[in-house]
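Worksheet for the structure shown next.
The values are calculated or read from the model by the stated rules, or taken from the named source; none is laboratory data. Values in this document were obtained by computation on a predicted structure and should not be read as measured data. When we count neighbours, we look across all protein chains shown, and the Cβ atoms used for this are built from the backbone with ideal geometry, even at glycine.
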Amino acid sequence: MSHILVVGGGIAGVTAATALAQSGFRTTLLEAAPQFGEIGAGVTLSPNAMKGLDFIGVMEEVASAGVEPFRQRIQHWKDGCTLVTMDRADQRGRYGAPYVYVHRADLHAILVEAAREAGVELVTNAAATRVEGTTVHTADGRRFSADAVIGSDGVKSVIRQRFEPLPAHFTGHVAWRALVPISPELAELANFPGVHIGPGKMVTRYPVRNKELLNLVFFARQPGWTDDGWTIRSDPKELIAAYDGWCDEVQAMIFAAAQGPLFKWAINARTPLPTWVQNGNVALIGDAAHAMTPFLGHGAACAIEDAVVLARALEASPGIAEGLDRFVAARHARATFIQAESNANADRMQGQETDMFGLGALRNEESLGLFDYDCRTVRV
């Protein structure tokens with residue numbers, strides 16, 4: 001039985017470790033933090049992502065922990081009028097899986113439990129500092145060796161340093177995030193989730209946790225501030241100033257965000273690599289391979305797809321090197337395409353026109369056909 005070492009216990013890593021263990025591989029998962037967990041924020045899981053969760057047996061559990069929206073809309077920044085409406089009520093029938101909003105911590109807890117049940121060796125306090133061959137060295141002096149190393153350690157990936165020495169680059173966008181209780185003033189915004197768009201900025205909102213909380217993310221172009229930590233507190237006055245003149249609905253969301261913890265981060269990304277495999281035994285998945293901007297809502301989806309296709313490709317191959325090659329052949333073009341489209345969507349949805357702000361050239365995840373993809377059956 002081959003031994004696979006997965007480095008990084010986020011969505012990509014835990015999903016991959018679970019899928020690999022379920023496919024018969026001895027699997028060890030290294031996590032830098034003292035315990036497995038996720039930040040307090042929401043995540044969108046489109047039907048293609050949920051198909052991947054179905055592969056490891058947790059799709060319905062995740063759907064039950066989240067919210068399946070019936071509709072979404074894109075609204076004008078100044079008057080709040082609806083520019084585009086998207087019907088989400090038929091996602092299960094149309095794509096064979098639901099469209100779900102879920103709290104990241106809830107999703108992650110379900111994934112970690114699935115990993116435990118699959119027999120994954122879960123190791124915490126194991127921050128990778130370097131990799132030599134297929135041996136990973138951690139900050140506390142331990143060494144972990146296996147037949148293959150899978151880098152799922154995010155946008156600041158240590159494993160990726162084997163492929164290129166460059167750090168992630170700042171995209172020119174920053175974001176503020178908050179999770180707020182759904183008050184009567186926010187009820188309609190939660191019932192009809194979506195995005196307000198305007199020149200150089202946009203605001204996304206959707207409900208999580210049985211519609212008890214509203215996940216808010218405020219995006220803006222803002223050069224000169226590049227710290228991408230997820231837990232950096234922000235002064236609400238900065239957010240208020242950035243959205244001065246935006247409609248009453250946006251002001252209501254800003255007021256709610258200002259009452260509790262408000263966090264700000266720079267959106268950093270990676271340029272595409274020609275391959276995600278080195279020496280036939282080290283590979284990258286998720287943000288370590290293709291960190292992208294969030295403007296298609298597909299970062300988590302791509303991570304889950306990577307994880308499932310990786311496990312399937314390795315299981316279908318006589319050796320690890322062939323399996324990793326099959327994985328890259330099956331995934332590289334799609335992930336690189338989504339990277340490029342997500343970056344372009346930032347420009348389209350924050351255009352400078354006075355009325356439609358780029359919607360005339362809108363290419364979203366559904367119009368691009370991304371929901372049709374099925375990582376459970378795609379050829380490996």
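Structure data summary
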{"item": "Matching entry among Val100, Val62, Val84 (being over 16 Å from the mean Cα position of the chain (by Cα), hydrophobic (A, V, I, L, M, F, W, C) and farther than 17 Å from Gly286 by Cβ)", "result": "Val84"}
{"item": "Cβ-Cβ under 9 Å pairs, at least 6 apart or on other chains, the stretch 36-55 side part of a loop (DSSP other than H, G, I, E, B), far side of a type in the set (S, T, N, Q) and modelled with pLDDT under 90", "result": "Ile39/Thr231"}
{"item": "Yes/no for Trp276 being aromatic (Phe, Trp, Tyr) and either crowded, with 24+ Cβ neighbours inside 10 Å or under 20 Å from Val7 (Cβ atoms) (or both)", "result": "yes"}
{"item": "Count - residues of the stretch 134-147 that are loosely packed, with under 11 Cβ neighbours inside 10 Å and among the small types (Gly, Ala, Ser)", "result": "1"}
{"item": "Residue identified as over 23 Å from the mean Cα position of the chain (by Cα) and either β-branched (Val, Ile, Thr) or surrounded by 20 or more Cβ atoms within 10 Å (Cβ to Cβ) (or both) among Leu216, Leu186, Leu179", "result": "Leu186"}
{"item": "Residue in the stretch 298-307 that is acidic (Asp, Glu), in contact with a helix residue (DSSP H, G or I) (Cβ under 9 Å, 6 or more places away or on another chain), part of a helix (DSSP H, G or I) and under 30 Å from Ser23 (Cβ atoms) present", "result": "yes"}
{"item": "Hey, Ile150 crowded, with 21+ Cβ neighbours inside 10 Å and closer than 21 Å to His3 by Cβ or not", "result": "yes"}
{"item": "Residue match in the stretch 88-106 (condition: surrounded by fewer than 24 Cβ atoms within 10 Å (Cβ to Cβ), out of contact with any Asp or Glu (no Cβ under 9 Å at 6 or more places or on another chain) and among the aromatic types (Phe, Trp, Tyr))", "result": "no"}
{"item": "Criterion: outside any loop (DSSP other than H, G, I, E, B), buried (at least 24 other Cβ atoms within 10 Å of the Cβ), among the polar types (S, T, N, Q) and in contact (Cβ under 8 Å) with a residue 12 or more places away in the chain - qualifying residue of Thr28, Thr18", "result": "Thr18"}
{"item": "Unique residue being at pLDDT 95 or above, exposed (fewer than 14 other Cβ atoms within 10 Å of the Cβ), farther than 30 Å from Arg331 by Cα and among the aliphatic types (A, V, I, L, M) when the list is Ala252, Ala258, Ala241", "result": "Ala241"}
{"item": "Test: residue in the stretch 326-344 that is under 20 Å from Gly8 (Cα atoms), among the aliphatic types (A, V, I, L, M) and modelled with pLDDT of 95 or more", "result": "yes"}
{"item": "So Val158, is it buried (at least 22 other Cβ atoms within 10 Å of the Cβ), farther than 19 Å from Arg104 by Cβ and either of a type in the set (A, V, I, L, M) or under 20 Å from the mean Cα position of the chain (by Cα) (or both)", "result": "no"}
{"item": "Sole exception among (1) in contact with a Leu (Cβ under 7 Å, 6 or more places away or on another chain); (2) surrounded by fewer than 20 Cβ atoms within 10 Å (Cβ to Cβ) for Gln75, by number", "result": "(2)"}
{"item": "Every residue from the stretch 213-227 that is modelled with pLDDT of 95 or more and more than 15 Å from Thr293 (Cα to Cα)", "result": "Leu213, Leu214, Asn215, Leu216"}
{"item": "Enumeration of residues in the stretch 264-322 that are of a type in the set (S, T, N, Q) and over 24 Å from His108 (Cα atoms)", "result": "Thr271, Thr275, Gln278, Asn279, Asn281, Ser317"}
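Matching residues to (1) farther than 22 Å from Arg379 by Cα; (2) buried (at least 24 other Cβ atoms within 10 Å of the Cβ); (3) at pLDDT 95 or above:
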{"site": "Ala288", "(1), (2), (3)": "yes, yes, yes"}
{"site": "Gly297", "(1), (2), (3)": "yes, no, no"}
{"site": "Ala301", "(1), (2), (3)": "no, yes, yes"}
{"site": "Ala316", "(1), (2), (3)": "no, no, yes"}
{"site": "Ile320", "(1), (2), (3)": "no, no, yes"}
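Residues are listed down the side, and each one gets a yes or a no for (1) under 22 Å from Leu179 (Cβ atoms); (2) of a type in the set (Ser, Thr, Tyr); (3) at pLDDT 95 or above; (4) out of contact with any Lys or Arg (no Cβ under 8 Å at 6 or more places or on another chain):
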position	(1), (2), (3), (4)
Ala17	no, no, yes, yes
Ala21	no, no, yes, yes
Glu38	yes, no, no, no
Ala41	yes, no, no, no
Ile56	no, no, yes, yes
Pro69	yes, no, yes, no
Lys78	no, no, no, yes
Thr85	no, yes, no, no
Pro98	yes, no, yes, no
